[in-house]
1. Do any residues in the stretch 45-62 that are touching a residue at least 40 places away in the same chain (Cβ under 8 Å) have Cβ atoms under 8 Å from those of residues that are charged (D, E, K, R) and part of a loop (DSSP other than H, G, I, E, B), where the two are at least six apart or on different chains, and which pairs are they?
2. For residues in the stretch 28-56 being more than 20 Å from PRO15 (Cα to Cα) and of a type in the set (Lys, Arg), which is surrounded by the fewest Cβ atoms within 10 Å (Cβ to Cβ)?
3. Tell me which residues, restricted to the stretch 18-35, are in a helix (DSSP H, G or I) and either modelled with pLDDT under 85 or of a type outside the set (A, V, I, L, M) (or both).
4. Can you name the number of the only condition in (1) under 13 Å from the mean Cα position of the chain (by Cα); (2) in contact (Cβ under 8 Å) with a residue 24 or more places away in the chain; (3) open to solvent by less than 10 Å² (accessible area, probe 1.4 Å) that ALA24 fails?
5. Which of the residues belonging to the stretch 91-128 are farther than 22 Å from ALA43 by Cβ and in contact (Cβ under 8 Å) with a residue 60 or more places away in the chain?
6. Is there a residue in the stretch 71-90 that is open to solvent by less than 80 Å² (accessible area, probe 1.4 Å) and within 20 Å of ALA31 (Cα to Cα)?
7. Select from the stretch 91-146 the residues that are open to solvent by less than 30 Å² (accessible area, probe 1.4 Å) and of a type in the set (Val, Ile, Thr) and write down the one among them that is nearest to ASN14 (Cα to Cα).
8. Among the residues of the stretch 7-14, is there at least one that is open to solvent by 30 Å² or more (accessible area, probe 1.4 Å), under 18 Å from GLU133 (Cβ atoms) and of a type in the set (S, T, N, Q)?
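The values are calculated or read from the model by the stated rules, or taken from the named source; none is laboratory data. Here the structure is a predicted model, which means the values were calculated and not measured. Here the Cβ positions follow ideal geometry from the backbone for every residue, glycine too, while neighbour counts run over all protein chains shown. Remember, those area values only see protein heavy atoms, side chains included, never the ligands or the DNA or RNA. Shrake-Rupley method; radii C 1.70, N 1.55, O 1.52, S 1.80 Å.
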Amino acid sequence: MENYEIEILLVEDNPDDANLTIRALKKNNLANKLHHVIDGDEALDFIFARGKYANNHVGNAPKLILLDVKMPKVDGIEVLRKIKADERTKKIPVVMLTSSKEDPDIKACYDLGVNSYVVKPVDFESFMKVVSELGLYWMLINQSSH
């Protein structure tokens, strides 16, 4: 693993959605410092410098986490719960990017302190636009506290 600062952590198990997300961010030059993991377990290892990411530093957190809700091993809601429960990581902006419109998921995420909950549009153009706008907002417009 390269030891440079990661600005965006993409947590997405669907390779097609991951590729579309990365393409949309690249289009706006926002993917240079992006790292993609494929499940919640790997996301927690990355964020908390465990397992194959043990050489990372928890304090060198991403500026934004794009997190899918429905994933194998550890789902996005559990990943969000652990991020927001830890003093070292609770201020990292987390955007749930999901195909789930289920009210319990949305409520659970906001109860845990998610910054935004975005339902993935079905068509390619809309998906690209939403991801581009998310990246531009969180990386360039929003003023973060860390």
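1. PHE48/ASP86; ASN60/GLU5; ALA61/ARG88; PRO62/GLU7
2. LYS52
3. Filtering the stretch 18-35 down to residues in a helix (DSSP H, G or I) leaves 18-27.
Correct list: ASN19, THR21, ARG23, LYS26, LYS27.
4. Here ALA24 clears every test but (1).
5. Of all residues in the stretch 91-128, those farther than 22 Å from ALA43 by Cβ come to 101, 103, 121-126, 128.
Passing the criteria: PHE124, MET128.
6. The answer is no, given that none of the residues of the stretch 71-90 is open to solvent by less than 80 Å² (accessible area, probe 1.4 Å) and within 20 Å of ALA31 (Cα to Cα).
7. Looking at residues that are open to solvent by less than 30 Å² (accessible area, probe 1.4 Å) and of a type in the set (Val, Ile, Thr), I get THR98.
8. Of the residues in the stretch 7-14, the ones open to solvent by 30 Å² or more (accessible area, probe 1.4 Å) are 7, 13-14.
Now restrict to residues that are under 18 Å from GLU133 (Cβ atoms): 7.
Restricting the remaining residues to those that are of a type in the set (S, T, N, Q) gives none.
No, the stretch 7-14 has no match at all.
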